[in-house]
1. Where both partners of a DSSP beta bridge lie in segment 1-145, what percent of those bridges are antiparallel, to the nearest 5?
2. At residue 212 and residue 17, where each label point lies 7 Å from the Cα along Cα→Cβ, what is the point-to-point distance in nanometres?
3. Of the listed values [x] 24; [y] 37; [z] 15, grab the one calculated as percent of Cα pairs over 37 Å apart from the structure here.
4. For a quick protection proxy, order the peptides 5-18, 35-48 by their average other-Cβ count within 10 Å, most packed first.
5. Figure the gain on full extension for residue 6 and residue 304 (residue separation times 0.36 nm, minus the Cα-Cα span) and round it to one decimal in nm.
6. Residues with beta-carbon under 14 Å from that of residue 224, excluding residue 224: net charge, scoring Lys, Arg +1 and Asp, Glu -1?
7. At R0 = 25 Å, how high is the FRET efficiency between residue 28 and residue 284 if r is their beta carbon distance? Nearest 0.05 is fine.
8. Accessible area per residue, 1.4 Å probe, Å², for segment 47-124: what's the number?
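The values are calculated or read from the model by the stated rules, or taken from the named source; none is laboratory data. Every value quoted in this text rests on a predicted model; they were computed, and no experiment measured them. Using ideal geometry, Cβ is built from the backbone for each residue, glycine included, and neighbour counts are taken over all protein chains shown. The protein model used for the area step is the full one, side chains on, heavy atoms only, and it has no ligands, DNA or RNA in it. Shrake-Rupley method; radii C 1.70, N 1.55, O 1.52, S 1.80 Å.
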Amino acid sequence: MTDFLDPFERMIAALFSPAAVRAAERGEPDDRAWTELAASGFLDALAPEDAGGAGLSFADIVPLWLVLGRHAVPCPVGETMIARALLAQAGRAAPDGPIAIAAQASGAAGRVIGAALARHLLVEWEGNLYLAGVAGEADGGAGELAASVRWDSEAATPVGPIVPDGLRRAAAVLRAALIAGAADRLTTMTAGYANERIQFGKPIGKQQALQQQLAVMAEDMVAARIAAHIGGAGSFPPALAAAATAKSVASSAAARVAAIAHAVHGAIGISEEYDLQLYTRRLQAWRLADGSESYWNRLLGAERLAAPSGSVDFVRTALAPA
């Protein structure tokens, strides 16, 4: 996996500097970045080898998504990986350009994360996938570059059936991985700032109360990372228990990580020229995207109550191979 991960991280770091992220948020994305991404082959990392992809497993793809979160990548790279893999599984050629994903009824307007920079939309409706053009306007959600999108099943291209709610589950694991990656970067930034900021003659990181907060932050970061790997440990699209566990844990951690990061940094954390807000805004956006922790906790609870009463380790049992 290192053979894929190291070059991917170097490429993402070079293409999506904080300046490039800010440019994308202003509506000035660098098209050359997407061209280089497409040429690299990473967009087909999850697609089967017989369809021209790398044939990575769902578990293998999660570390790549962590990288996207660590660099606050603004365009829908992870979404395009999911879409191209599902299109390949259905024997369909993938279109050029970024692809956003959504579970949304035909004719209904919905706010789709990443759609402001996408050319296409892969949408799940009534157990089937459709490929549609993106006809929406950015709605001011700079952190996730969302747009309000409406699609029509009559004008869209049918792709084929999917496991019920499979696209939303895959998206949930993606969001969990993005949260974990951003939380990793925020933890490093916040600890570094605490050790550099001098107050009353010593670094603020020497204060015990602040050290406790940094410890909570680190715990949440690790919990989100573990949850994301749990989400990717099984099938693609993932089982309900896997997706719900990943997203509920990561979304819950996102709010605390963002709050502690801003509490430690103080006023500088909300400054436009300081990079912290690039990550905390995305944490809040990814927390809500495809269902918050409350949404997934309800589904996970219902799944648990429906399980046999003798099942003690519910999640591990639910993820066990058939």
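1. 55 percent
2. With each label point 7 Å from Cα toward Cβ, the separation is 4.2 nm.
3. Entry [z].
4. Details: 5-18: 15.1, 35-48: 17.7.
Order by mean packing, descending: 35-48, 5-18.
5. Details: separation 298, 0.36 × 298 = 107.28 nm, distance 3.83 nm.
Gain on stretching residue 6 to residue 304: 103.5 nm.
6. Values: positive: 70, 175, 185, 225, 247, 256, 282, 287; negative: 184, 219, 220, 293.
Charge balance near residue 224 sits at +4.
7. Numbers: r = 23 Å, r/R0 = 0.93.
Calculated transfer efficiency: 0.60.
8. Working: 2380 Å² over 78 residues.
On a per-residue basis, segment 47-124 sits at 30 Å².
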